[in-house]
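Report on one structure; see the data block that follows.
The values are calculated or read from the model by the stated rules, or taken from the named source; none is laboratory data. For clarity, every value in this text was computed on a predicted model and none was experimentally measured. Using ideal geometry, Cβ is built from the backbone for each residue, glycine included, and neighbour counts are taken over all protein chains shown.
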Amino acid sequence: MSIDIHFICPCGAIVEEIVEGAFPNTLAESFANSIDEKWSMVVCDGCGKDFEVHVISSLAGTDVKVDGAIDLSWEEQFDEPDEELIWEIQSTDQLELYKKVTSDVISLLKSEYPAKAADTLHCMLYAQVVTAVEAYLSGIFIHTVMKSEELTRALVESDPELAKRKFSLSEIFTQYQGLQVEVARYLKDLIFHDLKKVRPMYRAVLGYEFGSVEWLFKAVLVRHDCVHRNGYTKDGVRWEIDAELIRDLVRSCTILISSVDEYVSDVYPMA
């Protein structure tokens, strides 16, 4: 189970994150003994402020606390069907999916559309390019790591949050695929929801160095404003997003994705 939280930072930015849920002891003989707690950190994309998320679950239900958050709301999300995550593990179409999205974006930029709709269309296309990059980086990492016991071990040993996860005896002794799904779920829900976590994880587990990608971190911030403020910053200033800027973003993203894909194919050809 995970918790989809939503709140407003004092800076005015909207913070949306998925954090790990807590699991009460349903066999406990008292309310106090049933309590399970989880702590997570989320970061405001608008100002960089860190927030500690405290999830408390007991026989009475689940509560979430975030000091400093405004209008906090949350929703419990129960595990998605294993088939979807198994597909993530087994899929080898990450590069083709990225190419299709960016090809569609370029085609739409070449099409005729009303001038008055340009700002809205450009916001949508810019956001879609960044989403396609995140989906590729998430998908290729999950597929490569989950197909290798050595890389899975490297991931668990290098990531403190994952190392603390609890697995049942049935998972350990009879369901290796269940362990794969659990790790894949963690990666999908927690790590690749925050692009800043991708660079150190690629370095620690795959040995891949991203180099300077400040431009991509900026693109993530712009995408946030495109999605949540229709292209305006928290100060009410519109980002200048035109067709050429989107083409430049596609070029930069494609260079990065090609580098990652070539590295993974050469170093981990059996994945």
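List of remarks:
- Hits in the stretch 24-65 (condition: at positive phi and either outside any strand (DSSP E or B) or modelled with pLDDT of 90 or more (or both)): GLY48
- Some residue of the stretch 195-207 being part of a helix (DSSP H, G or I), in contact with an Asp or Glu (Cβ under 7 Å, 6 or more places away or on another chain) and within 18 Å of ILE255 (Cβ to Cβ): yes
- Out of VAL237, VAL227, VAL220, one residue alone is closer than 28 Å to ASP159 by Cα and among the β-branched types (Val, Ile, Thr). It is VAL220.
- Filter pass, LEU85 being assigned to a helix (DSSP H, G or I) and at pLDDT below 95: yes
- Count of the stretch 249-271 residues which are of a type in the set (Asp, Glu) and surrounded by fewer than 12 Cβ atoms within 10 Å (Cβ to Cβ): 2
- Sub-8 Å Cβ pairs linking a first residue in the stretch 96-113 that is within 12 Å of TYR126 (Cα to Cα) to a second residue that is assigned to a helix (DSSP H, G or I) and of a type in the set (Phe, Trp, Tyr), at least 6 apart or interchain, number zero.
- Residue in the stretch 219-233 that is exposed (fewer than 15 other Cβ atoms within 10 Å of the Cβ) and part of a helix (DSSP H, G or I) present: no
- LEU121 meets the stated requirement of being assigned to a helix (DSSP H, G or I), at pLDDT 85 or above and surrounded by 17 or more Cβ atoms within 10 Å (Cβ to Cβ).
- Qualifying position, being at pLDDT below 70, assigned to a helix (DSSP H, G or I) and of a type in the set (A, V, I, L, M), among LEU155, LEU151, LEU179, LEU187: LEU179
- Where a residue in the stretch 227-249 is in the same structural domain as THR131 (by TED's automatic domain parsing) and more than 12 Å from MET124 (Cα to Cα) and its partner, wherever it lies, is charged (D, E, K, R) and surrounded by 15 or more Cβ atoms within 10 Å (Cβ to Cβ), with Cβ under 7 Å and at least six apart: TYR232/ASP225; THR233/ASP225; TRP239/ASP225
- Verdict on GLN94 being surrounded by 12 or more Cβ atoms within 10 Å (Cβ to Cβ), of a type outside the set (A, V, I, L, M) and at pLDDT below 75: no
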